[in-house]
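Where a number appears in this text, it was derived from the coordinates with a stated rule and is not lab data. Given the structure is predicted, the values throughout are model-derived calculations rather than measurements. Glycine also receives a Cβ, built like all others from the backbone with ideal geometry; neighbour counts cover every protein chain displayed.
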Amino acid sequence: MSFAGKHAVVTGSSRGIGRGIALKLAEKGARVAVHYYRNREAAQATLEKIRELGSDGFLVQADVCQPDEVRRIFQQVRSEFGSLDIFVSNARTEAPTFYQPPMEITLDHWNIAVDSQAKAFLVGVREAVPLMAEGGRIVAITFAPGGRFGSWQPWVAMGAAKAAMEVLVRYFAVALASRRITVNTISPGWIEDSVLNSLPEVFQTGLREWQERGWTPMGRLGTPADIGNAVALICSPEAGWITGQLIDVDGGASLMDAHLPLEFQGVVTPKKAQAV
Ligand SMILES: NC(=O)c1ccc[n+]([C@@H]2O[C@H](COP(=O)([O-])OP(=O)(O)OC[C@H]3O[C@@H](n4cnc5c(N)ncnc54)[C@H](OP(=O)(O)O)[C@@H]3O)[C@@H](O)[C@H]2O)c1
């Protein structure tokens, strides 16, 4: 798989999963617009790594909650690259901007979640498409459990915002099919070197142990590179017949049944497997 001669933009690629995606696309030859919000130094570090991989790109700053700033990202892509092949919508605002339970959440918090996901995606796709030829690729990064379940109470706004974005993916997939542009969603499980590392230690430890026990059947958290690999696959020419789909990239975590204790499900955790 080669993306030589291709141009990509990955929102939120200063760090975390977005950086993993940007580096994988660059490793395969794409030039990448590295988008950031406030952390220019981290974005510059991503760009340096892209150059070490033998590719190139540029930095672009924008608040994705502001439609005019989203438009500016693509104006810069037009002036720097002239065309676009891959648009990955990955940026997500910091948890304190939206993290409140349903009975308490303010409309400002709600709006930030929806504006940064569904609205940013709506505006972004409509700006990206005029820059794309046949074979263009659009990928939304979601956290699908937030929209499927109601258990993580303070995630209500982001869950709803991601669900709305997932719906948009299906509508855009149909709208853009005649141009041979595919639109898909990738839903990572919990990922190392991401927002996770900014959460309280007790949360991080509890979450790692939970996944390693078997709630992620592959027995570990994912990495930004795992998600970069999935995005690269869905952006390859061979994936041209796959559109409008939501793909869980989570080591099997989304297959687990929360109604039953693990022991009853007969799950062999990697730790147990090592012990026998
Ligand atoms: N982490 C996980 O385990 C996990 C699991 C499933 C899905 N996801 C999804 O994967 C994506 C990336 O998550 P992550 O944990 O890797 O993120 P992260 O490490 O928290 O990084 C967030 C990124 O978004 C940018 N950003 C923050 N506020 C912004 C704003 N207002 N406008 C534009 N950009 C903004 C940040 O830029 P600066 O560096 O400049 O601040 C940074 O590049 C998100 O869509 C998230 O929902 C994550």
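So here's what we get for this one:
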{"read-out": "Average projected area [Cα convex hull, the chain], square nanometres", "value": "15.4 nm²"}
{"read-out": "Helical contribution to [θ] at 222 nm, DSSP H n ≥ 4, -39,500 (n - 2.57), averaged over the chain, rounded to 500", "value": "-12000 deg cm²/dmol"}
{"read-out": "Distance (nanometres) between label positions extended 7 Å along Cα→Cβ at residue 268 and residue 241", "value": "3.5 nm"}
{"read-out": "Local electrostatic count at residue 53 - Lys and Arg +1, Asp and Glu -1, tallied over other residues with Cβ under 15 Å", "value": "+3"}
{"read-out": "20 Å tail of the calculated P(r), region 208-270, as % of Cα pairs", "value": "40 percent"}
{"read-out": "Burial ranking of peptide ranges 95-103, 134-142 (average Cβ count within 10 Å, highest at the top)", "value": "134-142, 95-103"}
{"read-out": "Computed over the chain: relative contact order in percent, which uses C-alpha pairs under 8 Å that are six or more apart", "value": "18 percent"}
{"read-out": "Spin-label model distance (nm) - residue 2 vs residue 107, 7 Å beyond Cα toward Cβ", "value": "5.5 nm"}
{"read-out": "Fewest-first sequence of 106, 93 by Cβ atoms within 10 Å of each Cβ", "value": "106, 93"}
{"read-out": "Gyration tensor (Cα) of region 33-100, equivalent ellipsoid semi-axes in angstrom", "value": "22, 16, 10"}
{"read-out": "Under 5 Å, built H, 5+ apart or other chain: amide partners of residue 58", "value": "32, 33, 34"}
